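Encoded as structure tokens, the structure appears first; notes follow it.
The values are calculated or read from the model by the stated rules, or taken from the named source; none is laboratory data. Because the structure is a prediction, the values reported are computed rather than measured. Cβ coordinates were reconstructed from backbone atoms using ideal geometry, including for glycine residues, and neighbour counts include every protein chain displayed.
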Amino acid sequence: MSSLRFLHKKPNLDLSAVSDTAEVIEYEDCSLDPPFIGPTTFFCRHTFRPKIKHVTVSSPHRSTVCLPVDHLCQSPPPEEVCSICREPYNPEAARRLPELFTMHFCPRDTCQTACHRECLSTHPIKKRPTCTDRKLSLLCSIPSKVSKPSASPSTSASRTSLLSLLSKSKPTPSQSQSGSRKRKRGSDADPLTLLRDLPSELIQLASQPIIKPTFGPSNVPKEPPKKRKGKRKASEPESVIHNVAGNITIVLKARVLVSDVLRGTNTLPRDWKKKIGWDGDTIPSVIVDDGENGSCPPLLCPTCGEHI
């Protein structure tokens with residue numbers, strides 16, 4: 001991953017040696033729609049102002065100013081650190097030890113914070129989740145900032161949470177029919193029936209845990225250790241950071257799309273994959289829990305007690 005360093009200007013610094021400039025993306029830890037930050041992307045989480053020698057710590061809600069010389073820098077805002085250990089997000093640490101330092105993000109309106117996987121695994125949770133179905137709970141976790149208002153805000157469906165809407169949905173006779181027969185569609189179809197009719201890959205994507213960073217295999221495999229007899233064991237490609245910001249953008253887009261279809265405010269477009277940013281290079285790293293390998297343990301948010 002690329003890093004950005006500030007150089008102190010020296011009297012004999014030859015500025016003519018600078019061949020090009022680099023674009024630097026500003027990243028906010030708790031943004032609900034962060035930009036893609038790949039392994040070759042320069043990014044910053046704080047802004048340094050050399051003229052006044054201040055470091056501005058940006059967050060979605062406020063900015064704090066750090067004095068780097070004679071005063072101690074203020075600690076990062078609460079949104080930028082793990083709410084359990086109070087340590088900030090470190091993508092490089094997560095790359096080295098993903099089972100410890102991978103961050104899980106809770107997008108619910110009462111939370112919108114991230115915690116280390118190790119902290120969530122060891123921290124006691126006093127609250128119990130309102131929904132025992134983990135995938136359904138994750139699929140219905142949509143912040144109000146990204147959910148579009150329905151066409152008729154006065155309807156009860158627009159005011160009811162998606163989880164409550166599915167819980168109140170009653171099975172129709174069409175749900176007991178064989179899979180070869182078409183299920184009941186249209187305005188009289190209940191949300192649970194519509195959910196079963198959606199593409200399985202869309203449901204899998206929408207019910208993924210939101211984590212950061214996401215990983216992918218490197219194009220350069222590790223150099224295998226040499227054996228005494230000269231034989232080398234084939235090595236697996238080294239895992240690298242695919243996106244520092246994680247899978248939050250595409251997962252939330254998938255959840256909003258599912259919510260709109262179940263509420264009846266939208267129909268599933270034919271090019272739904274394109275609309276949410278689905279492509280062959282992104283999806284392998286976005287699917288962090290396939291239900292088989294157990295790579296993503298079931299965890300609960302320390303703030304709201306729901307699945308995270």
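What the table shows:
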| quantity | calculated |
| --- | --- |
| Residue list for segment 265-294, filter: surrounded by 19 or more Cβ atoms within 10 Å (Cβ to Cβ) and of a type in the set (Asp, Glu) | Asp289 |
| Which numbered condition Pro284 fails, given (1) closer than 21 Å to Leu165 by Cβ; (2) in a helix (DSSP H, G or I) | (1) |
| Out of Leu262, Leu300, sole residue that is within 17 Å of the chain's Cα centre (by Cα), over 18 Å from Ala245 (Cα atoms), of a type in the set (A, V, I, L, M) and surrounded by 19 or more Cβ atoms within 10 Å (Cβ to Cβ) | Leu300 |
| Answer residue from segment 102-140, given it is free of Cβ contacts under 8 Å to residues at least 40 places away in the same chain and closer than 15 Å to Ile210 by Cβ and is nearest to the chain's Cα centre (by Cα) among those | His116 |
| Count of segment 265-284 residues which are over 16 Å from the mean Cα position of the chain (by Cα) and either modelled with pLDDT under 90 or not β-branched (Val, Ile, Thr) (or both) | 13 |
| Residues satisfying the stated conditions in segment 197-216, i.e. assigned to a helix (DSSP H, G or I) and either over 30 Å from Asn90 (Cα atoms) or aliphatic (A, V, I, L, M) (or both) | Asp197, Ser200, Glu201, Leu202, Ile203, Leu205, Ala206 |
